[in-house]
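Following: one structure in structure tokens, then a few remarks.
The values are calculated or read from the model by the stated rules, or taken from the named source; none is laboratory data. As the structure is a prediction and not an experimental result, all values here were calculated from the model. So basically every Cβ, Gly included, is an ideal-geometry build from the backbone, and we count neighbours across all protein chains shown.
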Amino acid sequence: MTPKRRKRVMLISLMVLGIGGATALGLNAFRQNLLFFFSPSQVANGEATTDRAFRLGGMVVDGSLAREDDGLTVRFAVTDTAEVVNVTYTGILPDLFREGQGIVAMGRLDQTGVFKAEEVLAKHDENYMPPEVGEAMKAAQRAKARVEN
Amino acid sequence: MQDFFHMGGYAFYVWPAYALSLVVLMGQLWVAVQRRRKLIRDIEVQNRDPETRT
Amino acid sequence: MWIWFHKFGSPRYFYDLAGRLIPWLGGACAVLMAVGLYLGLFVAPSDYQQGESYRIIYIHVPSAWMSMFVYVVMASAGTVVLIWRVKLAEIIASVSAPLGASFTFLALATGSLWGKPMWGTWWVWDARLTSELILLFLYFGFMALEAAIEDKRTAARATAILSLVGVINIPIIHYSVYWWNTLHQGATVTKMDTPSIHLSMLIPLLLMAAAFQLYYATVLLMGARTELLSRERRTRWVAEVIRNS
């Protein structure tokens, strides 16, 4: 490799390293702002703001979904397995919304600690399988839970 | 067959996604073919007319 | 190695080789895509959670993979341009840019069409979607910069630097779903442990991914041949090629 080319290699490496380092530092500084949602634990620790709207993410607790008499307002609880936050929402839920699924809700906490959602988005996991396999897996989990109890 | 086009109620999302992909991929291919045709014509003209040759 | 490098870099040799490869690559692409679409749309079962809507995966995921792969090709070609000033690398980077932009656009658009029924929204500003949008703008920036500089060799060097600056975005796109809370789910196929997708759904996905790779290779070589003819239009070998065509 000629000295001229070696110099170019050095310059390019320095440039890429410099940009990489600057980006890493920048992203680290803005880590919190890049969070798309807060977990119920973070809400319990007071990390989420109470005066501004924020997003809450977690799993819908099994058996917590209840509909109000008006037929549109729903109540459910969201958990990250450690803490639980109660949510109320009026509107149409996405197709994937169901108990045990992950969701992200946009809204704010009221004085009683209930999260009033203005928008509810469903988060889906990275698993893809035919319905029969899904059923079989659920059955296996239930059987396992019975044995453990 | 009707079930297939119905896509379990998601036809409105699934088929536009496929149609859009077909249009974009075929479009790029078409552009590549057209560009080559035009260029070959241009070079033929350039080589026939010695004035433009350097 | 060096002899091979120079032989491959010689315009005439590349032109002929690419011309012989294109029908094979294009044919393989068509076959794989036909089989992949058949398996993906007719044979693969519906998903236990998402029903039929998940079938968008067969174009969304290959497009998203290609959007990043093409960028890496472009940045690698850019590195070769900056160090060795190889003309062919300039051409590969230049022809790749609109193709990469197309794949990125498709990944974003099909993802949006998937997000509306499943998530409940066309678009969210989470880290994955935002970094993919930045990728689209990087491709646009590349093409704009290239168009703005008249001299092709100067343009190639300037765009090579731009593509190297932007390459930092590629790991960010890939790891965004792990580094931050995002609405977008984590990786399915490239996870460390076994892929969490049923085999009957995975096979068409991999076939489609291979077909997209072959599509890129085919159109890239077609574009590169044309660009090569254009840049060498005053040479004897181009005159020969045109006369024989």
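Could you tell me whether A:L109 is surrounded by 13 or more Cβ atoms within 10 Å (Cβ to Cβ) and closer than 21 Å to C:G120 by Cβ? Break it down into steps so the answer makes sense when it comes.
Working: surrounded by 13 or more Cβ atoms within 10 Å (Cβ to Cβ): yes; closer than 21 Å to C:G120 by Cβ: no.
Against the criterion (surrounded by 13 or more Cβ atoms within 10 Å (Cβ to Cβ) and closer than 21 Å to C:G120 by Cβ), A:L109 does not qualify.
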- Message: Which count do you get for residues in the range B:4-45 that are of a type outside the set (F, W, Y) and within 7 Å of another protein chain (Cβ to nearest Cβ)?
- Response: 18
- Please verify whether the range C:150-170 includes one or more residues that are away from every other protein chain (no Cβ under 14 Å), touching a helix residue (DSSP H, G or I) at 6+ places or on another chain (Cβ under 8 Å) and acidic (D, E). no
- Query: Which residue pairs have Cβ atoms under 9 Å apart, sit 6 or more places apart or on different chains, and have a first residue in the range C:143-158 that is under 17 Å from C:L88 (Cβ atoms) and a second that is not aliphatic (A, V, I, L, M) and not in a helix (DSSP H, G or I)?
  - Reply: C:R153/C:R85; C:A156/C:R85; C:R157/C:R85
- Query: Can you tell me which of C:R225, C:R233 is outside any helix (DSSP H, G or I) and more than 9 Å from chain A (Cβ to nearest Cβ)?
  - Reply: C:R233
- Message: Please determine whether any residue of the range A:106-120 is in a helix (DSSP H, G or I) and either modelled with pLDDT of 85 or more or farther than 18 Å from C:G186 by Cα (or both).
- Response: no
- Message: I'm told A:K138 meets every condition in (1) modelled with pLDDT of 85 or more; (2) exposed (fewer than 15 other Cβ atoms within 10 Å of the Cβ); (3) of a type in the set (K, R) except one. Can you identify the failing condition by its number?
- Response: (1)
- Note on the structure: Note on the range C:116-152: residues surrounded by 22 or more Cβ atoms within 10 Å (Cβ to Cβ) and of a type in the set (G, A, S) are C:G120, C:A127
- Message: Could you go through the range C:180-189 and let me know if any residue there is over 17 Å from C:I57 (Cβ atoms) and within 19 Å of the chain's Cα centre (by Cα).
- Response: no
- Message: I need every pair where a residue in the range A:94-107 that is assigned by TED's automatic domain parsing to the domain that holds A:T49 and over 18 Å from A:D62 (Cβ atoms) has its Cβ under 8 Å from the Cβ of a residue that is small (G, A, S) and surrounded by fewer than 18 Cβ atoms within 10 Å (Cβ to Cβ), sequence separation at least 6 or different chains.
- Response: A:M106/A:A53; A:G107/A:A53
- Item | Near pairs, Cβ below 8 angstrom, 6+ apart or cross-chain, from the range C:170-182 (closer than 14 Å to A:E126 by Cα) to any residue that is modelled with pLDDT under 90 and part of a helix (DSSP H, G or I) | C:V177/C:A127; C:T182/C:A127; C:T182/C:S176
